[in-house]
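Notes for the one structure printed next.
The values are calculated or read from the model by the stated rules, or taken from the named source; none is laboratory data. Keep in mind that this is a model prediction, so the values were computed, not measured. Using ideal geometry, Cβ is built from the backbone for each residue, glycine included, and neighbour counts are taken over all protein chains shown. Just so you know, the surface numbers come from the protein's heavy atoms only, side chains and all, with ligands and any DNA or RNA stripped out. Shrake-Rupley method; radii C 1.70, N 1.55, O 1.52, S 1.80 Å.
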Amino acid sequence: MAIPLTLSLLPPVTAPPPSLFFSFNRFLHFPSSPSSVLLRATSKRLVLATKTQPVATMAAQDEENAGNVKRQLAKLFEASLKLTVPDEPNVEPLVAACTAKFGDYQCNNAMGLWSKIKGKASPFKGPPAVGQTLMKNLPQSEMVESCSVAGPGFVNVVLSAKWMAKSIQNMLIDGIDAWAPTLPVKRAVVDFSSPNIAKEMHVGHLRSTIIGDSLARMLEYSKVEVLRRNHVGDWGTQFGMLIEYLFEKFPDYENATESAIGDLQAFYKESKKKFDEDCDFKEKAQQGVVRLQGGDPKYRKAWSRICEISRAEFAKVYQRLRVELEEKGESFYNPYIRGVIEELSSKGLVEESEGARVIFIEGFNIPLIVVKSDGGYNYASTDLTAIWYRLNEEKAEWMIYVTDVGQQQHFDMVFKAAKKAGWLPDNDKTYPKANHVGFGLVLGEDGKRFRTRSSEVVRLVDLLDEAKTRSKAALIERGKDKEWTPEELDQTAEAVGYGAVKYADLKNNRLTNYTFNFDQMLNDKGNTAVYLLYAHARICSIIRKSGKDIDEFKKTGQLALDHADERALGIHLLQFAETVEEACTNLLPSVLCEYLYNLSEYFTKFYSNCQVIGSAEETSRLLLCEATAVVMRKCFHLLGITPVYKI
């Protein structure tokens with residue numbers, strides 16, 4: 001193991017020549033932005049690159065980076081790099097949190113710099129010497145306690161416990177929003193949930209709805225204007241079948257109530273059965289589609305009635321999940337499709353193939369059909385039109401589509417067609433851009449798609465009912481029905497039950513399948529929402545039992561991080577902003593879940609080894625408890641989970 005050379009911070013030492021970013025750049029992601037941008041290596045560790053900025057913007061950046069330790073350190077190392085290699089003005093600092101015992105953060109530029117410097121006139125004899133000079137040139141800062149160089153020039157940074165404590169206390173005074181990261185984009189569309197009209201939401205819609213809502217929440221917290229779009233399936237050939245069946249069963253369809261029509265899922269199945277078995281009905285249904293798409297008022301009214309009933313059912317699910325969406329379904333884009341196809345054709349992108357009009361995409365064996373052989377439009381027509389609309393009318397800089405991984409190829413082709421049209425840049429790292437956020441299947445205990453015993457898909461409302469019922473039963477078993485009001489019991493059961501379902505989904509890497517298991521997700525031990533919600537409630541209980549005015553302590557008390565476990569908890573709290581930024585940049589809510597679980601573990605260790613109530617450090621430690629609770633609550637909010645305050 002390399003022994004670190006430890007030095008206190010010294011005045012700047014100028015040292016020559018070059019260097020640029022070394023071969024790491026082939027592993028990293030470079031979004032284009034005028035401000036600092038996050039880069040992700042192939043390992044799980046993030047490095048941060050800060051682009052050169054005019055001095056006039058420094059004050060604004062300091063405010064923007066108030067809660068982001070990694071970005072603040074990157075600014076210091078940016079200054080050091082300019083002194084260390086003045087002939088290479090575009091070297092970007094690579095800063096990462098580290099777990100080694102030599103420091104809290106690490107600057108990893110030395111090896112990259114050396115790969116450029118060696119062979120040229122240079123006073124440096126190797127990466128360690130480069131690292132030592134980087135360390136010596138680091139500007140004085142109250143956030144840095146000490147630095148050391150280890151191995152091939154890694155510059156380890158130990159943060160000042162005093163500065164850390166001050167930063168946490170400032171957050172308690174200013175609010176958690178002061179720690180919100182700043183992303184290089186101002187407006188984004190998140191397209192998620194997207195159920196089909198006349199079909200009930202089922203477990204298959206769970207992941208898109210939960211993942212999409214969490215991504216939207218994280219982007220909104222990061223000061224991005226988010227257009228939450230519900231691209232419902234409200235247009236297509238199935239509506240001829242549904243409308244004709246509606247006419248048949250309810251001649252007075254305009255006054256048909258939701259209860260009269262009944263279960264829309266059953267209504268859909270009945271109409272489909274008749275469509276498959278009755279040739280005359282099938283012909284009427286096919287003609288009905290033509291009338292609907294041609295604007296026949298009677299058919300449009302019937303279509304609207306079916307959509308209204310579906311929306312009312314969807315709204316009940318969204319209300320329970322506390323998910324907000326604005327519907328812009330397939331029908332919304334229909335009036336724009338013709339013009340978009342004409343634009344694509346004028347650019348020479350659309351060709352005739354077997355009666356259809358298609359776009360050939362390099363790297364794919366099949367073309368992207370934009371007009372079917374019968375002259376009708378399809379998903380590709382609508383999705384390309386939606387991209388055009390979102391870029392030109394809604395001025396979105398980032399479009400995020402949350403669907404299952406099975407649609408990956410479709411979106412890859414649609415995005416490449418948009419690039420061929422010149423709507424999106426060829427470089428995936430620059431804005432505007434589009435990303436497909438794929439996710440795996442929800443599986444049952446048998447390892448197959450999660451279904452009921454009768455092989456039906458599981459209705460989402462049934463799943464949520466079951467989660468709440470089981471959660472309530474567990475609370476009653478703990479005797480809470482005797483301690484709480486019926487309303488408190490019901491609200492807590494709902495928060496814990498729904499939270500358990502959401503967290504069980506979000507904690508997994510979204511690309512993988514996961515097994516739906518109520519017993520596991522409602523377990524109060526391990527990495528579950530129940531455990532985390534109870535941990536938060538315990539912290540609130542500690543503060544209540546102290547009998548102290550925590551709001552007054554925020555103004556008059558002094559937070560200190562003298563004990564090792566206080567310091568470890570403090571560092572983790574300060575890594576909240578960079579964690580949210582990583583989760584946004586990589587579109588991975590699981591990153592935030594991992595942070596939240598680790599936060600509860602750090603708190604448990606702190607509370608086990610540091611007496612809070614009645615200790616000489618009571619004020620400071622109560623403030624640390626409050627800071628932990630505040631960050632936990634923000635994590636819950638970003639994951640769409642309602643916190644509980646007592647257990």
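Go through segment 90-100 residue by residue and tally those that are at pLDDT below 85 and either surrounded by fewer than 22 Cβ atoms within 10 Å (Cβ to Cβ) or within 16 Å of A150 (Cβ to Cβ) (or both).
3
Here R228 clears all of (1) assigned to a strand (DSSP E or B); (2) modelled with pLDDT of 95 or more; (3) farther than 30 Å from A266 by Cα except the condition numbered (3). With the structure loaded, tell me whether Q319 is more than 23 Å from F247 (Cα to Cα), part of a helix (DSSP H, G or I) and among the polar types (S, T, N, Q) or whether it fails that test. Answer is yes for this residue. The residues of segment 319-343 that are more than 24 Å from V358 (Cβ to Cβ), touching a residue at least 60 places away in the same chain (Cβ under 8 Å) and not basic (K, R), listed by number, are L321, V323, E324, L325, E326, E327, G329. Residues that are farther than 20 Å from A560 by Cα, in a helix (DSSP H, G or I) and small (G, A, S) within segment 122-163 comprise A129, G131, listed in sequence order. Exactly one residue out of D519, D505, D490, D549 is of a type in the set (D, E) and in contact with a helix residue (DSSP H, G or I) (Cβ under 7 Å, 6 or more places away or on another chain), and it is D505. Looking only at residues of segment 339-357 that are among the aliphatic types (A, V, I, L, M) and not in a helix (DSSP H, G or I), we find that the one that is surrounded by the fewest Cβ atoms within 10 Å (Cβ to Cβ) is A356. For the structure I just gave you, tell me whether D562 is under 25 Å from N68 (Cβ atoms), surrounded by fewer than 22 Cβ atoms within 10 Å (Cβ to Cβ), modelled with pLDDT of 95 or more and not hydrophobic (A, V, I, L, M, F, W, C). Criteria met by D562.
The number of residues in segment 560-590 that are out of contact with any Phe, Trp or Tyr (no Cβ under 7 Å at 6 or more places or on another chain) and either under 24 Å from A216 (Cα atoms) or in a helix (DSSP H, G or I) (or both) comes to 18. Taking the condition open to solvent by less than 30 Å² (accessible area, probe 1.4 Å), touching a Phe, Trp or Tyr at 6+ places or on another chain (Cβ under 9 Å) and assigned to a helix (DSSP H, G or I), does G103 pass? The answer is no for G103.
Checked against (1) under 30 Å from S222 (Cα atoms); (2) in a loop (DSSP other than H, G, I, E, B); (3) in contact with a Lys or Arg (Cβ under 8 Å, 6 or more places away or on another chain), E88 passes all but condition (1).
Being modelled with pLDDT under 95, out of contact with any Cys (no Cβ under 8 Å at 6 or more places or on another chain) and either open to solvent by 60 Å² or more (accessible area, probe 1.4 Å) or more than 20 Å from D104 (Cα to Cα) (or both) is a property that T604 lacks. Taking the listed residues E200, E270, the one that is open to solvent by 20 Å² or more (accessible area, probe 1.4 Å), free of Cβ contacts under 8 Å to residues at least 40 places away in the same chain and either in a helix (DSSP H, G or I) or touching a helix residue (DSSP H, G or I) at 6+ places or on another chain (Cβ under 9 Å) (or both) is E270, with no other qualifying. Within the span defined as segment 204-218, every residue fails to be open to solvent by 10 Å² or more (accessible area, probe 1.4 Å), hydrophobic (A, V, I, L, M, F, W, C) and either touching a helix residue (DSSP H, G or I) at 6+ places or on another chain (Cβ under 6 Å) or in contact (Cβ under 8 Å) with a residue 12 or more places away in the chain (or both). Of the residues examined, D177 is not one that is open to solvent by less than 10 Å² (accessible area, probe 1.4 Å), among the charged types (D, E, K, R) and in a helix (DSSP H, G or I). The residues of segment 162-202 that are over 24 Å from E326 (Cβ atoms) and hydrophobic (A, V, I, L, M, F, W, C), listed by number, are W163, M164, A165, I168, M171, L172, I173, I176, A178, W179. Taking the criterion of being in a helix (DSSP H, G or I), open to solvent by 30 Å² or more (accessible area, probe 1.4 Å) and modelled with pLDDT of 95 or more, the residues of segment 493-540 that qualify are E494, Y531, R538.
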